[in-house]
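Enquirer: Pasting a structure here, questions to come.
Derivation of every value follows stated rules applied to the coordinates shown; laboratory data play no part. The structure displayed is predicted, hence computed values, not measured ones. Please note: Cβ atoms are built from the backbone with ideal geometry, for glycine as well, and neighbour counts cover all protein chains shown.
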Amino acid sequence: MPTDVSSFKDVYKTAIKSCFPEQAAIILGDKKIPLRAVSTQLRYGTNPHQPFAAYAPADSSSLSVGNLEMLKGGKSGLSLTNLQDMSQALNLLKYFKRPACTVMKHVNPCGFKVETQGESLEQIYRIARQCDERSAFGSITGFNVKVDAATAEAIMETFVEGVIAPGYDDKALEILRKNEGTKKRNNAIRVAKFSNLEAVPKYVGDDTAGYFNLRNLADGTITFETPYLTRIKTIEDFITDPMIANSDPAVNSGRDFAVNRKPTGRETDDCLTAWYVNINVRSNGIVFVRDGAAIAVGTGEQERIGAVEQAIDKADKKGHTLKGAVMSSDAFFPQRDSIDTVGARGVTAVVWPAGSLKDADVIQAANDNNIALIATLERCFLHI
């Protein structure tokens, strides 16, 4: 007789016990950073059989992702993957002052939109979701403004694992709590409220005291890293006229290699959006943006052109055109092939760190394809 495995679905809704202490501390030299277990109910770690704990700085008044105010789903709790996706959502949204929405899946954005033409929040959410509706299934959706009723109705149209925002209208919260206590699928949605996002460091020069990226290696070694900070605060920090000096007078009549075409205002705005989204994409990362909306994201590829091709393939399969879009790359292009590839698809501007031995070839490729090329002079690898 076949073995019934249907009961295994229940483990995804069940919190497991852990034996981690209530208090902990990080000691670096003569400095001790006290930590306390977060108050939010936790379900399990990355997988349902992995116990885990989360600790927040005991004396910090800044935002703690682990101490979110849970407005729905608090009893069943958050998993580590929920926390990571919520954290990454806020890590992206912190760069935007205009209303914005990000759709997170497996610590990567699979959709994003920032207000560019007076769109309603509902429209912003729908555009973000439409970037990759298939990947948006079971996602964490984040907002940087209060969620209204129309947006809440749109969220409840599909299965969403959780929503995180700085607030919710009464009617929106009522909609998101619909079917609470029943076995209907959308009852699984977790609704979280955050505050004080502006305190999280984001730009070079911001105070990072007490902020660390901690990762462990196979032998138990723990690595400490300060958070990623960007020097790009506004479009004024872009280098829109990058040039590579010609070291060989015999080549190209001794002329330097300079970008011919300057970006338009819309292109620089979209490149800034693409760069901020790219900061939160697993390397190798490629992001296509048009009119403040992510069109496709290529992530986790071992080769640069592979990430470009992956993102193009996603755009094609989802029915999106790249004509008039911009592209962001989290690292340099080792060859000109990526530029030639996106140029053939109608991409008009590219933002990239520069720094390759073949930068002159990349600039030449941009000129051959009439692409505006913008340099950041910083890499934004997310190697997790």
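Enquirer: Quick check: the distance between the Cα centres of the stretch 1-66 and the stretch 73-112, to the nearest angstrom?
Expert: 17
Enquirer: Moving on to the next point. Restricting the count to DSSP beta bridges whose residues both fall in the stretch 26-199, what percent are antiparallel, rounded to a multiple of 5?
Expert: Details: 19 of 29 bridges.
Bridges in the stretch 26-199 are about 65 percent antiparallel.
Enquirer: Dividing the alpha-carbon radius of gyration of the stretch 235-375 by 2.2 N^0.38 Å (N being the number of residues), what value is obtained?
Expert: Numbers: Rg = 14.3 Å, N = 141, 2.2 N^0.38 = 14.4 Å.
In units of the globular-protein estimate, the stretch 235-375 measures up at 0.99.
Enquirer: Also, I was wondering about something else. What order do you get for S120, S283, S139 when you list them from fewest to most C-beta neighbours inside 10 Å? Mind dumping the intermediate values first?
Expert: Values: S120 13, S283 20, S139 27.
By the 10 Å Cβ count, ascending, the order reads S120, S283, S139.
Enquirer: To continue, here is another question. Need the C-alpha centroid separation for the stretch 262-288 versus the stretch 132-181, integer Å.
Expert: When both Cα centres are located, 26 Å separates them.
Enquirer: Of all DSSP beta bridges located in the chain, what percent are antiparallel, nearest 5? It would help to have the intermediate numbers written out before the result.
Expert: On the way: 40 of 58 bridges.
So the antiparallel bridges in the chain amount to around 70 percent.
Enquirer: At F137 and R255, where each label point lies 7 Å from the Cα along Cα→Cβ, what is the point-to-point distance in nanometres?
Expert: That separation, rounded to one decimal, is 5.3 nm.
Enquirer: Can you compute the FRET efficiency between K13 and D241 using 1/(1 + (r/R0)^6), with r the Cβ-Cβ distance and R0 = 56 Å? Round to the nearest 0.05. Please list the in-between numbers first.
Expert: Details: r = 56 Å, r/R0 = 0.99.
The formula returns an efficiency of 0.50 here.
Enquirer: Under 12 Å Cα to Cα from K32, which aspartates and glutamates show up? Leave out anything in the same chain fewer than 8 places away.
Expert: List returned: D59.
Enquirer: Which entries in the list K233/K358; K9/K94; K233/K314 go over 31 Å, if you measure between the two C-alpha atoms of each?
Expert: Beyond 31 Å: K9/K94.
Enquirer: So, one more: For Cα pairs less than 8 Å apart in space and 6+ apart in sequence, what is the mean separation divided by the residue count of the chain, i.e. the relative contact order in percent?
Expert: In percent, rounded to a whole number, it is 12.
Enquirer: Fewest to most neighbouring Cβ within 10 Å: what's the order for M1, M327, M156? Walk me through the numbers on the way to the answer.
Expert: Values: M1 3, M327 32, M156 16.
Least crowded to most crowded, the residues run M1, M156, M327.
Enquirer: Here's another thing I want to ask about it. Hey, for a label at D30 modelled as a point 7 Å past Cα toward Cβ, could you say which residues of the stretch 208-235 have their backbone N under 20 Å away?
Expert: Counting only backbone N, you get 209-210.
Enquirer: If you take the square roots of the eigenvalues of the alpha-carbon gyration tensor of the stretch 89-173 and sort them as a ≥ b ≥ c, do you get rounded (a/c under 1.5), prolate (a/b over b/c) or oblate?
Expert: Verdict is rounded for the stretch 89-173.
Enquirer: Still on this model: Less than 21 Å apart at the alpha-carbon level, and either on another chain or at least 8 residues along: which lysines does that give for K178?
Expert: Answer for K178, where 21 Å is the Cα cut-off: K13, K72, K75, K146, K193, listed by chain and number.
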